[in-house]
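K.L.:
I am attaching a structure below and will ask some questions about it afterwards.
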Amino acid sequence: MKLFDSELKVMSVLWRLGDRTAKEISNILNEETGWNQNTTYTVIKKCIAKGAVERQEPNFLCHALVSKAEIQAAETTELIGKLFDGSPDLLFASLISHQKLSPEQLEHLRKIVAEGK
């Protein structure tokens, strides 16, 4: 499932806070991004159409049908395929050579690789 940045904003609210009404999501995104109610409702409807969100009654209660981990995995797979010729090691090489990673972050990556997770 491919979610656009706007859809990820809606999903982020649901992942952080759990089920919320469309009105609550609208209020939160108005504070965080300046979106008006119509924009938020339009994006919620797109998430519903994609199967990422389920609408429940009463009060247009929104429930995330996909987890953040599922979307992260799909996006990572797409990124590796598009930009790194399907090679995770090229992604890691790019990350290490282009990002300032702390010694703790590097050690954490070493452990992840060693554990095969």
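The values are calculated or read from the model by the stated rules, or taken from the named source; none is laboratory data. Owing to the predicted nature of the structure, the values given are computational and were not obtained by experimental measurement. Backbone-built Cβ (ideal geometry, glycine too); neighbour counts: all protein chains shown. When the accessible area is computed, the model is the full protein with side chains, heavy atoms only, and any ligands, DNA or RNA have been set aside. Shrake-Rupley method; radii C 1.70, N 1.55, O 1.52, S 1.80 Å.
K.L.:
How many residues are of a type in the set (A, V, I, L, M) and open to solvent by less than 70 Å² (accessible area, probe 1.4 Å) if we restrict to region 86-96?
P.N.:
3
K.L.:
Would you check which residues across region 97-113 are of a type in the set (A, V, I, L, M, F, W, C), in a helix (DSSP H, G or I) and either open to solvent by less than 90 Å² (accessible area, probe 1.4 Å) or touching a strand residue (DSSP E or B) at 6+ places or on another chain (Cβ under 7 Å) (or both) and list them? Walk me through how you get there before you give the answer.
P.N.:
Just the residues of region 97-113 that are of a type in the set (A, V, I, L, M, F, W, C), to begin with: 101, 106, 109, 112-113.
Of the ones still in play, those that are also in a helix (DSSP H, G or I) are 106, 109, 112-113.
If the condition is that a residue be of a type in the set (A, V, I, L, M, F, W, C), in a helix (DSSP H, G or I) and either open to solvent by less than 90 Å² (accessible area, probe 1.4 Å) or touching a strand residue (DSSP E or B) at 6+ places or on another chain (Cβ under 7 Å) (or both), then Leu106, Leu109, Ile112 are the ones that fit.
K.L.:
Spot the failing condition for Gly86; the list is (1) out of contact with any strand residue (DSSP E or B) (no Cβ under 9 Å at 6 or more places or on another chain); (2) part of a loop (DSSP other than H, G, I, E, B); (3) over 30 Å from Leu109 (Cα atoms), and only one is missed.
P.N.:
Against the list (1) out of contact with any strand residue (DSSP E or B) (no Cβ under 9 Å at 6 or more places or on another chain); (2) part of a loop (DSSP other than H, G, I, E, B); (3) over 30 Å from Leu109 (Cα atoms), Gly86 comes up short only on (3).
K.L.:
Which count do you get for residues in region 33-54 that are in a helix (DSSP H, G or I) and among the small types (Gly, Ala, Ser)?
P.N.:
Number satisfying all stated conditions: 1.
K.L.:
Quick check on region 14-32: of everything there that is without any contact (Cβ under 8 Å) to a residue 24 or more places away in the chain, part of a helix (DSSP H, G or I) and of a type outside the set (S, T, N, Q), which residue is most open to solvent (accessible area, probe 1.4 Å)?
P.N.:
Taking the candidates together, the pick is Glu31.
K.L.:
Could you please give the count of residues in region 57-81 that are more than 16 Å from Leu8 (Cβ to Cβ), loosely packed, with under 11 Cβ neighbours inside 10 Å and either at pLDDT 95 or above or touching a strand residue (DSSP E or B) at 6+ places or on another chain (Cβ under 9 Å) (or both)?
P.N.:
Matching residues across region 57-81 total 1.
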